[in-house]
Structures are given as C-alpha cells and as structure tokens.
1. Among (1) touching a residue at least 60 places away in the same chain (Cβ under 8 Å); (2) of a type in the set (S, T, N, Q); (3) closer than 20 Å to GLY160 by Cβ, which single condition is ASN106 missing?
2. If we keep just the residues of segment 97-127 that are open to solvent by 60 Å² or more (accessible area, probe 1.4 Å) and assigned to a helix (DSSP H, G or I), which is modelled with the lowest pLDDT?
3. Collect the residues in segment 108-144 that are polar (S, T, N, Q) and within 21 Å of PRO63 (Cβ to Cβ), keeping them in residue-number order.
4. For segment 64-75: of the residues being outside any strand (DSSP E or B) and of a type in the set (A, V, I, L, M), which is surrounded by the most Cβ atoms within 10 Å (Cβ to Cβ)?
5. Quick one: in segment 84-94, of everything that is open to solvent by 10 Å² or more (accessible area, probe 1.4 Å) and touching a helix residue (DSSP H, G or I) at 6+ places or on another chain (Cβ under 8 Å), which residue is farthest from THR33 (Cα to Cα)?
6. When you scan segment 136-189 for strands (runs of 3 or more DSSP E) that lie fully inside it, which ones turn up with 2 or more residues that are open to solvent by less than 20 Å² (accessible area, probe 1.4 Å) and without any contact (Cβ under 8 Å) to a residue 40 or more places away in the chain?
7. Sort out which residues of segment 76-96 are part of a helix (DSSP H, G or I), over 23 Å from SER117 (Cβ atoms) and in contact (Cβ under 8 Å) with a residue 24 or more places away in the chain, and write them in order of number.
8. State which residue pairs qualify: first residue over 30 Å from ILE37 (Cβ atoms) and inside segment 58-75, second residue open to solvent by less than 20 Å² (accessible area, probe 1.4 Å) and not in a loop (DSSP other than H, G, I, E, B) in any location, beta carbons under 6 Å apart, and separation of 6 or more residues or different chains.
Amino acid sequence: MSTAFAGSAMTWERLLDTWRELQVPEGWRPELTAEGIQMTPPPGGKHNLIADLVDDALRQARPAGCGIFQTLGVGIRATGSIYVPDLCVVPRDAVPDNSDPVPAENLLLAVEITSPSNGEHDRKKKKWAYAHGGIPQYLLIDAHDEDGPAVSLFTEPVQGVYSRTVRVPFGQPVEVGDPFGIRLETTEF
C-alpha cells in the first residue's frame with residue numbers, strides 16, 4: 001500500500017465532496033478510499049453487545065471534554081480514506097459542525113469489532129490507515145482471528161506502523177494506556 005495519496009487522481013477535496021453527497025440508509029456506514037466506496041450494514045446483536053461493554057468501560061475513563069462516538073467519520077488524509085470506526089474517542093471540540101469527518105489526528109482511540117466479512121479489512125487496511133493517521137491507540141476486538149478470539153491493542157504509531165502490539169485472548173484483560181488507564185475486561189466478549 002502506498003502512502004502517496006497526494007499523487008493519486010482523486011484529491012482530498014474531491015473525496016470530501018463525495019462523502020458529503022452520499023445518500024446512506026439509516027444505520028449503514030459508508031467508508032471511502034482511493035479504491036472506492038464500501039457500505040457496511042448495521043451490525044448484529046453480538047457486535048452491539050461488545051460495543052456496549054467497551055463503551056461502558058471507556059465512559060468511566062475518558063478524558064474530560066471527550067466523547068465516545070459510534071457513527072463518526074474519520075478522515076485520514078495521508079491515505080486518502082474516510083473510515084467509520086465502531087467506536088472512537090475524540091475531544092468534542094474537534095468534531096466538525098457539519099457532516100465532514102473528524103481529522104484522524106484528533107482521535108485518542110479507534111475501536112473496531114470484526115465480523116466474518118470484514119476481519120481482514122480491520123486487521124490490515126484499517127490498522128495501516130489508522131497508523132498513518134497518527135491515531136495513538138487502535139483496539140481490535142477480533143472474534144474471528146484465525147488463532148482464536150482475541151483483543152489486540154496497537155499503539156505508538158511511527159511512520160505509518162504501530163510499533164507496539166499487545167494481544168490477549170478473549171477472557172483475559174487488556175490494559176488500555178493513557179489517557180484512559182483502564183483494564184478492559186474481555187470475559188463477556
């Protein structure tokens with residue numbers, strides 16, 4: 001994957017215009033990349049239950065002035081992409097007043113919960129894009145990991161690569177670092 005979005009045919013402004021003009025069915029999540037538009041249907045029950053547990057844990061530990069969002073577009077200019085994480089933590093004052101995506105550099109944490117159809121996308125493309133966007137922590141909750149259900153926390157992005165990874169199987173806690181400083185229990189995942 002190339003990080004040379006600036007040299008691509010599609011400009012960032014054109015990508016934003018496409019995002020603004022999308023007509024999306026309620027509950028669906030549009031994601032745009034230089035390769036095209038991907039529409040994700042509303043998640044199922046198990047996915048929502050995991051999202052609720054993570055939301056509860058983060059709500060108690062989020063920094064003052066930050067919100068936890070489930071439908072917020074995140075713009076990653078370096079890769080020419082806009083993703084909608086399952087959950088993300090962002091200072092409220094960084095959220096645009098219009099429908100524009102929040103710039104990735106404002107996120108404190110992005111969370112993705114895999115489904116059978118999107119696991120590889122979350123494991124590879126989103127991890128790559130989030131690291132290039134400078135998102136300091138990416139929490140991947142992966143019930144479909146080929147080595148068994150696991151939670152991976154990717155941190156310390158350096159030149160588009162997360163330099164630190166902690167992976168724990170479901171049932172073991174994972175430590176989510178500053179500014180949260182929480183021990184996320186995964187037993188109910």
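1. Tallying (1) touching a residue at least 60 places away in the same chain (Cβ under 8 Å); (2) of a type in the set (S, T, N, Q); (3) closer than 20 Å to GLY160 by Cβ, ASN106 fails exactly one: (1).
2. The selected residue is GLU120.
3. GLN137
4. The residue in question is LEU72.
5. PRO91
6. Passing ranges, in order: 137-142, 150-158.
7. ARG77, ALA78, ARG92, ASP93 - these are the residues of segment 76-96 that are part of a helix (DSSP H, G or I), over 23 Å from SER117 (Cβ atoms) and in contact (Cβ under 8 Å) with a residue 24 or more places away in the chain.
8. Here the result reads ARG62/VAL89, each pair linking segment 58-75 to a residue that is open to solvent by less than 20 Å² (accessible area, probe 1.4 Å) and not in a loop (DSSP other than H, G, I, E, B).
The values are calculated or read from the model by the stated rules, or taken from the named source; none is laboratory data. Quick caveat, the model's predicted, so the values are computed rather than measured. Because the Cβ atoms are built from the backbone with ideal geometry, glycine has one as well, and the counts that use them run over all protein chains shown. Only protein heavy atoms, including side chains, enter the accessible area calculation; ligands, DNA and RNA are left aside. Shrake-Rupley method; radii C 1.70, N 1.55, O 1.52, S 1.80 Å.
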